[in-house]
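Below is one structure; the comments refer to it alone.
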Amino acid sequence: MRESSEARRQRILAVTASRGTVRVSDLAGELDVSIVTIRRDVEELARLGKLRRGHGVARSLTPVEQPEPRQATNGAIALVVPERHTYLYETMNGARKTLEEAGMRVVLHIAPQARGAERPIVEKALTEPVQGLLMAPRWRTFEEEAEDDWLADTGVPTVLMERRPSGGLRAMNSVCSDHWYGMHLAVKHLTDLGHRRIVLAARDDSPTARVLRRAFREISADLEDAVTVRSSPDTGLVDVLRERRATAAVLHGDEDALMLVQQLLHAGMEVPRMCSVVSYDDVVASLGSIPLTAVAPPKTEVGRVAAELLLRKLKGQVAATERIELLPTLKIRSSTERLNVS
C-alpha cells in the first residue's frame, strides 16, 4: 500500500521523538521518499507546532536525554541491520546503548535490500579489529535464510537479533520476540470482545510475517470464518472484509493498519463500531487519528538482551548456545470495541 502523507508525518514524529534531532536527509533515506517531500512534511509539522525546524534537521519539542557514553576501552562490536527498517532500528538502538554503557565501541553497518548483500558487508566488517557481531538479517524468504549458513562460522561471537534461526543455523545464539504469543494476544483480545470473523492481513516477505501467518492459522482454527490474506497495494482489503462479513482485522504492521482505517472510513465503515482493527508492531500505531490497539513486541529490549548476551559471551560466561524469546504486550486503544450483535 502506498503510504499517505499523514502516515509518513506520523513516522517523522515518532523518529524525532525517539532521537531528539534527526537530519532531513536521513529521514528521506529511511522513509524512502525525496528530500523535498520530507522538507515539506517538516515545514507543515513545524507550522502545526508538533516539532521544531533547524538547518537541515527536525527537532523534537521534548528534549531526549542522551547519557554520556563511557570511554570505549574493550574493543568494538560490529552491528549489522537492514536499511529502511524502522522496527529494527529500535532494536539496534537498544543494543547500541547497552554496548556503549559497557565501554564498547559500536561500528554500524547498514545492509541494502539486494539479495546476498549482507555477506560481503559482514566479511568486510570482520576484517576490522572487532570482537563480536550483532546482526538482524533481512531473510525475506526461507531460501535466503538457508543461503546464510555462513553465519554459523563467522569466527567471532555472534548473536542474531529479532530472528529465530532454523535449519543449519538453529544452533546460533539469538534473541527475539515470541511472535506466536503476540498473535495469541491479538486474537484473544478480539474474541474476548465477541469477534469471530477475523481477517489477518500480513506480508510473506519477512520472518516475522511468516510466523504471524502460521500462528494465526493455529490460533484461529476454531473460529467460524477466520482468513489470512496477503497485504499488498492490490489486495483490496476493504472488499475482502465486506465479502467475509468480517468484524475485525489484524494487520502487520502499523502503516498498513493506519491506511486500512483511512480506507474503511472513506468507504463509510466506522472504526471500531463496524470493524475493529489491531496492528502488529506498535511503532507508530498510537499516532493515528484513531489510535490503534496494537501488539507491541519488546523491540528495544530485544536489542538490549542481545547485547548483554554477546557481552557475556565475550567474557566467557556463556558456554552453551542460547535462544532467548521475550514476550510482546498488548496496548489497548481506540480502534477495538466489543462486537454489537443487536
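The values are calculated or read from the model by the stated rules, or taken from the named source; none is laboratory data. Here the structure is a predicted model, which means the values were calculated and not measured. Backbone-built Cβ (ideal geometry, glycine too); neighbour counts: all protein chains shown. With ligands, DNA and RNA removed, areas are computed over all heavy atoms of the protein, side chains included. Shrake-Rupley method; radii C 1.70, N 1.55, O 1.52, S 1.80 Å.
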Could you tell me how many degrees, from 0 to 90 and to the nearest 10, lie between the Cα long axis of helix 86-101 and the main elongation axis, the longest principal axis, of the Cα atoms of the chain?
30 degrees
On the full set of protein chains, 1.4 Å probe, figure out the accessible area of Val130 and give it in Å² to the nearest 10.
20 Å²
Using unit Cβ charges (K, R positive; D, E negative) and no other charged atoms, how large, in debye to the nearest 20, is the dipole of the chain about its Cα centre?
680 debye
Once label points are set 7 Å from the Cα along Cα→Cβ at both Val36 and Phe142, what is their separation, rounded to one decimal in nm?
4.5 nm
Under 16 Å Cα to Cα from Lys188, which aspartates and glutamates show up? Leave out anything in the same chain fewer than 8 places away.
Asp178, Glu218, Asp222, Glu224, Asp225, Glu337
Please work out the Cα center distance from segment 91-119 to segment 1-34, rounded to the nearest Å.
20 Å
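Taking 23 Å as the cut-off for C-alpha to C-alpha distance, list the pairs among Lys97/Lys299; Lys50/Lys299; Lys97/Lys313 that go past it. Mind dumping the intermediate values first?
Working: Lys97/Lys299 13 Å; Lys50/Lys299 25 Å; Lys97/Lys313 18 Å.
Pairs exceeding the cut-off: Lys50/Lys299.
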Around Asp281, under 9 Å between beta carbons, what's the net of Lys plus Arg minus Asp minus Glu among the other residues?
-2
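If you stretched the chain out fully between Arg105 and Ala267, how much longer would it get, using 0.36 nm times the residue separation minus the C-alpha to C-alpha distance?
Numbers: separation 162, 0.36 × 162 = 58.32 nm, distance 5.18 nm.
Residue separation times 0.36 nm, minus the Cα-Cα distance, leaves 53.1 nm.
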Degrees separating the helix 5-19 axis from the principal Cα axis of the chain, which is the longest one
40 degrees
Under 5 Å between amide H atoms, partner at least 5 residues away or on a different chain: which partners does Val229 have, H built in plane at 1.01 Å?
Leu200, Ala201, Ala202
Scalar couplings 3J(HN,Hα) for segment 327-338 by Karplus 6.51 cos²θ - 1.76 cosθ + 1.60 (θ = phi - 60°), nearest whole Hz, x for Gly and Pro, are 8, x, 10, 10, 9, 8, 10, 8, 8, 10, 7, 5
Packing-based order for 189-195, 290-296, using average beta carbon neighbours within 10 Å, highest first:
290-296, 189-195
